[in-house]
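For reference, the structure discussed in these notes is given below.
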Amino acid sequence: VVETQEHYKSRWRSIWIMYLTMFLSSVGFSIVIMSVWPYLQKIDPTADASFLGWIIASYSIGQMVASPLFGLWSNYRPRREPLVISTAISVAANCLYAYVHVPHSHNKYYMLTARALVGFGAGNVAVVRSYIAGATSLTERTSAMANTSACQAVGFILGPVFQTCFTLIGEEGVTWKFLCLQLNMYTTPVLFGALLGVINIILIFAIFREHRVDDMGRQCKSINSDGEGNDVLDQNTEGSIDHVAVVALNVLFFVILFVFAVFETIATPLTMDMYSWTRKEAVFYNGIILSVIGIESVIVFMVVKMLSKKTGERAILHAGLLIVLVGFFILLPWGKKLPNIQWQEIKNNSIPRTVPTEMLTPFWSLQEMQLPSNHTAEPVGCPVTQSWCLNTPMIYLAQYISSDVLIGLGYPVCNVMSYTLYSKVLGPKPQGVYMGWLTASGSGARILGPVFVSQIYTHLGPRWAFSLICGVVVASLLLLEIVYKRLIAFSVRYGRIEE
């Protein structure tokens, strides 16, 4: 059945609502990320840096748990239901975050709960991607997945920008006693996120409709149909999914998210150790670098849409992994010059340890270090407590910048291609649960990546850390070679269309 013009317009309006949902999900994570630590210290002085790590990880843990559940829900019921419920959970969680200062004790646990629930609500990413996979033809799929990832990336970029704007309100802000609500630089961003969530729910009710087309773009009836539309039943769902390809793509996606989480985590401690940057300098310079990488990623998302039509998704995924491998290989220390050693001029043990292990977590740079009263300068350089600092060559700034550019190029390529190939391999069958597992794989990688790199980097140094990462990427390239011929669209596998 040829798709009608009305069906086409309604289908793409619904897809755009999914783009918005993905964007808001990313904003919900990043809009408070730079203010979590000072807010936590303000509401509960008993919280330490290790508890901050749990608060940051709780988002990914919540998303990892929720993604398969919402995916399963979306396989059997209209997708509007899990989308609205998940967004409502995020709205409620943001409101809870704004009130974590009210209880007289255990405030840090309320903040932990709030962030975990925000992550749980973000499990709707699986529903979003499964809908887009079912509502696009094979020729539309790569472009739609690239747009989805671009919206996600823009959300991560703009979240901290919104946070920065709200800092103008100040720490004290305005207090509404009748609501027990403090509107300040910590609470206003989450309330803004809650407002965006309410708007998203309204748009889902007003505009979003269930649509599905087959791989050739012909409209067909969705299993999630809520009685709207006149789509006809798809007869091309016979055949089994290639589960070897499915598992391989889950593993590849885990590796892709894992290595990028390592890259994000190690940036600040690495630059402080290698270039003797202060905390303020490291946060400022790396913030600029990450912003540029975010912009680079959005551009790459747009480029791969056109490039994939000529070369195919598998070749681009292979190229993306190779670029990431080169990026981490460049980071290996090769020269002879050693980094500056922290407090090298001090020959006795009167100076306490100034860089605790906890500060090698992704957000260690937000912790205030306590210096001896007779020292006003902040300790800079590679801490002598990391024994590798005494014999490992420094990584030159040109190496670091080159690596940033390459990883910022390879990561978005791998991200888009893995999602696109995954949806094509699954074919016309309901993809909610499978997309849930893929999202859970990525969330697990974002939890384990920082833990891995903080331990290896602290105890063994950058040479071991980046060598192991290179080994992981090489193993993923070998896996891709093994399953390369299996990573084809469901309809191509069963001979319904030609590749």
> Within the stretch 87-136, which residues are of a type in the set (S, T, N, Q) and over 23 Å from the mean Cα position of the chain (by Cα)?
Replying inline: 105, 107, 136
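Could you grab me the full set of residues in the stretch 116-144 that are within 19 Å of residue 209 (Cα to Cα) and among the aliphatic types (A, V, I, L, M)?
125, 126, 127, 128, 132, 133, 135, 144
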> Looking at 126, 92, 116, which one is closer than 14 Å to residue 56 by Cα, in contact (Cβ under 8 Å) with a residue 24 or more places away in the chain and in the same structural domain as residue 36 (by the TED database)?
Replying inline: 116
> From the list 23, 70, 51, which residue is among the aromatic types (Phe, Trp, Tyr) and closer than 25 Å to residue 215 by Cα?
Replying inline: 70
>> I'm checking my understanding of the structure. Among residues of the stretch 170-194 that are part of a helix (DSSP H, G or I) and modelled with pLDDT under 85, which one is nearest to residue 28 (Cα to Cα)?
In response: 179
> Residues of the stretch 434-461 being out of contact with any Ser or Thr (no Cβ under 7 Å at 6 or more places or on another chain) and crowded, with 21+ Cβ neighbours inside 10 Å, which ones?
Replying inline: 434, 438, 441, 442, 445, 457
> Which is more than 30 Å from residue 306 (Cα to Cα) and buried (at least 21 other Cβ atoms within 10 Å of the Cβ), of 141, 212, 129, 115?
Replying inline: 115
>> For the stretch 270-290, give me the residue count where each residue is more than 20 Å from the chain's Cα centre (by Cα) and either open to solvent by 10 Å² or more (accessible area, probe 1.4 Å) or at pLDDT 80 or above (or both).
In response: 14
>> Restricting to the stretch 395-427, count the residues that are open to solvent by less than 20 Å² (accessible area, probe 1.4 Å) and either charged (D, E, K, R) or not in a helix (DSSP H, G or I) (or both).
In response: 3
> Any residue in the stretch 85-94 that is in contact with a helix residue (DSSP H, G or I) (Cβ under 7 Å, 6 or more places away or on another chain), open to solvent by 20 Å² or more (accessible area, probe 1.4 Å) and farther than 20 Å from residue 30 by Cα?
Replying inline: no
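The values are calculated or read from the model by the stated rules, or taken from the named source; none is laboratory data. All values derive from a computational prediction rather than experimental measurement. In this analysis, Cβ positions are derived from the backbone assuming ideal geometry, glycine residues included, and neighbour counts consider all displayed protein chains. Keep in mind that these areas ignore ligands, DNA and RNA; they rest on the heavy atoms of the full protein, side chains included. Shrake-Rupley method; radii C 1.70, N 1.55, O 1.52, S 1.80 Å.
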